[in-house]
1. Got at least one residue in the range 139-156 being of a type in the set (S, T, N, Q), modelled with pLDDT of 90 or more, under 22 Å from Gly72 (Cβ atoms) and not in a strand (DSSP E or B)?
2. Can Leu189 be described as modelled with pLDDT under 90 and within 30 Å of Trp50 (Cα to Cα)?
3. List pairs: first residue in the range 176-188 and over 15 Å from Gly35 (Cβ atoms) and open to solvent by less than 70 Å² (accessible area, probe 1.4 Å), second residue assigned to a helix (DSSP H, G or I) and at pLDDT 90 or above anywhere in the structure, Cβ distance under 6 angstrom, at least six positions apart or on different chains.
4. Please specify each residue of the range 79-115 satisfying the condition of being in contact with a His (Cβ under 7 Å, 6 or more places away or on another chain) and not aromatic (Phe, Trp, Tyr).
5. Could you count how many residues in the range 50-101 are β-branched (Val, Ile, Thr), surrounded by fewer than 19 Cβ atoms within 10 Å (Cβ to Cβ) and modelled with pLDDT under 90?
6. Leu15: touching a Pro at 6+ places or on another chain (Cβ under 9 Å), open to solvent by 40 Å² or more (accessible area, probe 1.4 Å) and modelled with pLDDT under 80, yes or no?
7. Considering only residues that are aliphatic (A, V, I, L, M) and open to solvent by 40 Å² or more (accessible area, probe 1.4 Å), which ones fall in the range 102-124?
Amino acid sequence: MARPPAPFPWNGRTLHEIRRSALINYFAAVVLAAGAAIVPAAQLVRLPTWIPAWAVILVVGLPLMEMIWRSGLRPRLVWNDGGIAVVRPFTISVYRWSEIARFDEEFNRIHIVFADDGEEEWEFDQAWLWSKISKRYAARRGRNQAALMKALEEGRARGELVRPPSEVPRRPVALYLIMVPAVVFGQWLVTTV
């Protein structure tokens, strides 16, 4: 049986969330940081000798880390008794449970269907190939929809007095600290090649 998303404490209330995969996104961050570290030593880019390697790595790497944060680690669905917040790369939308008719899950998408027949779509990570290999992973299908429908029922019953979550998540410091070993590695590459 698949487990529903775990709640966590937030300002004295319990929040629930569905996020994209931190493992996938941190792996992508490490790969991008390693790529940024190689740029100064690559023969494809000719840099003046007065430009330090660490500056090039930071100029290339930090925007890539911001892209990982915006596209992979920041987006999430967060809900409490009052409603649900859809956190996207640059914006956040907050809805009360009374505005929502139902949730539909389609492979790696959650469709939020509103009472006025409008719809909003949110994507989460669901690796197609991995679901074909692992039965346990494939069994996760539908658990997000089940958790959201349960939250919708409970929220309608008791949540009108509670405000929906509306705070924006903070950037993880660890994401940007990945650039430190990249700078050291890049500096080492430039001096040894």
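The values are calculated or read from the model by the stated rules, or taken from the named source; none is laboratory data. Please read these numbers as outputs of a predicted model, since none were measured by experiment. Every residue, glycine as well, gets a Cβ built from its backbone with ideal geometry; the counts of neighbours run over all protein chains shown. When the accessible area is computed, the model is the full protein with side chains, heavy atoms only, and any ligands, DNA or RNA have been set aside. Shrake-Rupley method; radii C 1.70, N 1.55, O 1.52, S 1.80 Å.
1. So the first thing to find is which residues in the range 139-156 are of a type in the set (S, T, N, Q), and the list is 144-145.
Subset that is modelled with pLDDT of 90 or more: none.
Among the residues of the range 139-156, not one is of a type in the set (S, T, N, Q), modelled with pLDDT of 90 or more, under 22 Å from Gly72 (Cβ atoms) and not in a strand (DSSP E or B), which makes the answer no.
2. yes
3. Cβ pairs passing all conditions: Tyr176/Met65.
4. If the condition is that a residue be in contact with a His (Cβ under 7 Å, 6 or more places away or on another chain) and not aromatic (Phe, Trp, Tyr), then Asp104 is the only one that fits.
5. Final tally of qualifying residues: 2.
6. No.
7. If we filter the range 102-124 for residues that are aliphatic (A, V, I, L, M), which is where we start, we get 110, 112-113, 115.
The answer is Ala115, and nothing else.
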